[in-house]
Amino acid sequence: MTDLKVEVDPGEVGFDAKRLDRIEEHFRNYVLDGRLAGWLVTVGRDGKLVYVASHGKRDMEAGLPVQSDTIWRIYSMTKPITSLAAMMLWEEGRFDLNDPVDAYIPSFRNGHVYTGGSADHFETTPVHQPIRIWNLLSHTSGLSYGGQTDHPVDHGYQRAQKAATDAGKTDLEAMVDVWASQPLLFEPGTHWFYSRATDVVGRLVEVVSGQPLDTFFAERILEPLGMTDTAFSVPDDKTDRLASLYVPDPDSRKAVPAPDVRSTRISDFPSGGGGLFGTAGDYHRFCRLLLGGGEVDGVRLVSPKTIRMMASNHLPGGVDIESMALEGVSETSRAGMGFGLGFSIVLNPARTKVSGSRGEFGWGGAASTVFWVDPRERITAGFFTQLRPSNTWPIRPRLHQLIYQALVEPGR
């Protein structure tokens with residue numbers, strides 16, 4: 001486990017300590033009025049922790065407090081790790097970003113795009129261009145999540161997934177084949193839509209590396225980085241550290257236990273799109289790797305050029321997500337935000353209406369977690385809690401405001 005403690009005086013790295021305390025003052029109220037069970041926040045600059053705070057309970061029913069070694073469901077904050085895994089293989093010359101996905105996963109051959117009809121009878125047309133690997137990494141593939149909307153394709157996903165599960169086909173390879181069997185929502189590269197694409201990237205990692213995704217993660221990323229509490233499940237000897245999962249009560253809006261309050265596995269298969277558990281300390285180490293251009297404490301996983309490639313806007317024409325997005329769920333705001341290979345990218349802070357920097361990149365998770373890396377200010381930040389859905393409260397913009405208002409020496 002990565003230790004969580006302040007490593008440098010805020011004033012030495014351009015932060016006002018009293019202003020940083022506003023973070024705890026603000027989010028403490030979320031616990032006092034019952035909106036959150038508990039939370040933990042980290043802020044770093046130049047790779048060193050400048051602020052760590054927590055409040056509340058990791059398990060309200062048991063009265064257990066949030067601690068530095070609390071294990072959280074990070075859900076879609078898994079996506080950047082999966083994307084990094086793919087780019088490690090890309091650096092080895094195993095594939096090109098323009099390669100068709102069907103060259104590695106044959107079930108994507110002969111793809112069709114939805115044009116009308118119902119889930120009982122789709123009307124489709126053949127794709128003009130196949131899904132390419134960069135489409136998966138940038139969420140421009142035409143795939144769906146199968147539950148975000150009332151669209152017939154989403155109903156088709158749900159029906160096909162249930163049939164596969166009933167037949168006992170719940171491994172990653174089988175589920176990817178299920179998603180590939182459904183029509184695409186749009187021609188690849190023409191829209192942005194949050195989807196199962198990163199789970200397909202996880203399968204790509206398996207095919208190209210010849211290893212199960214969880215094994216690749218452990219051997220090539222998590223163990224080298226010392227992220228010893230990050231995995232696709234929580235072992236028995238660590239379950240006492242697991243934070244419970246909460247949802248807002250429909251009437252009071254206070255946090256109440258979710259049906260899967262103590263689940264120790266998110267998915268039947270290693271979900272590269274949202275299956276990891278981990279500690280704030282482990283994820284801070286991953287953020288340090290990103291800020292460090294692919295290297296932390298002498299361990300290099302990718303080159304600085306690869307990190308810059310991932311953190312560049314890959315949306316066609318350099319537009320923002322809002323310009324390309326279909327209606328659906330996202331873990332970030334859309335105006336002024338582009339998307340790279342695994343991260344959202346701040347293109348225009350003024351359009352986002354949130355404090356930050358051009359070039360800042362990051363993502364969030366379904367249980368209201370979030371992280372970002374700001375190369376311009378050399379800041380890393382992470383917020384950990386366990387409340388679904390992630391848009392219940394405006395945690396993410398508030399956290400941005402509170403961190404950047406404490407930065408009194410920007411651009412050092």
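The values are calculated or read from the model by the stated rules, or taken from the named source; none is laboratory data. From a predicted model like this one, the values you see are computed outputs, not experimental measurements. Counting neighbours? That spans all protein chains shown, and the Cβs are built from the backbone with ideal geometry, glycine included. Areas reflect the complete protein model, heavy atoms only, side chains present, ligands, DNA and RNA absent. Shrake-Rupley method; radii C 1.70, N 1.55, O 1.52, S 1.80 Å.
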- Item | Residue in the range 6-26 that is buried (at least 24 other Cβ atoms within 10 Å of the Cβ) and either in a loop (DSSP other than H, G, I, E, B) or modelled with pLDDT of 95 or more (or both) present | no
- A350 versus (1) touching a strand residue (DSSP E or B) at 6+ places or on another chain (Cβ under 7 Å); (2) modelled with pLDDT of 95 or more; (3) surrounded by fewer than 24 Cβ atoms within 10 Å (Cβ to Cβ): which is the lone unmet condition? (1)
- Message: Just the residues that are of a type in the set (A, V, I, L, M, F, W, C) and open to solvent by 40 Å² or more (accessible area, probe 1.4 Å), please, taken from the range 89-126.
- Response: W90, A103, F122
- Before we move on, is G210 under 27 Å from G146 (Cβ atoms) and out of contact with any Gly (no Cβ under 6 Å at 6 or more places or on another chain)? no
- Out of all the residues in the range 307-335, which are assigned to a loop (DSSP other than H, G, I, E, B) and at positive phi? G328
- Message: So for the range 134-143 (the condition being open to solvent by 40 Å² or more (accessible area, probe 1.4 Å) and of a type outside the set (D, E)), does at least one residue qualify?
- Response: yes
- State which residue is farthest from the chain's Cα centre (by Cα) when the search covers only the range 27-39 and only residues that are among the aliphatic types (A, V, I, L, M) and buried (at least 18 other Cβ atoms within 10 Å of the Cβ). V31
- Taking the range 382-412 and keeping residues under 12 Å from V43 (Cβ atoms) and under 14 Å from the mean Cα position of the chain (by Cα) leaves G382, F383
- Scanning the range 301-329 for residues that are in contact (Cβ under 8 Å) with a residue 40 or more places away in the chain, surrounded by fewer than 17 Cβ atoms within 10 Å (Cβ to Cβ) and in contact with a Pro (Cβ under 9 Å, 6 or more places away or on another chain) gives V329
- Spot the failing condition for G298; the list is (1) without any contact (Cβ under 8 Å) to a residue 24 or more places away in the chain; (2) within 20 Å of the chain's Cα centre (by Cα), and only one is missed. (2)
- Query: Restricting attention to the range 134-145, does a residue exist that is modelled with pLDDT under 95 and more than 30 Å from I345 (Cα to Cα)?
  - Reply: no
- Note on the structure: If we take the range 148-261, then helices (runs of 4 or more DSSP H) inside it with 1 or more residues that are open to solvent by 60 Å² or more (accessible area, probe 1.4 Å) are 152-166, 172-180, 213-216
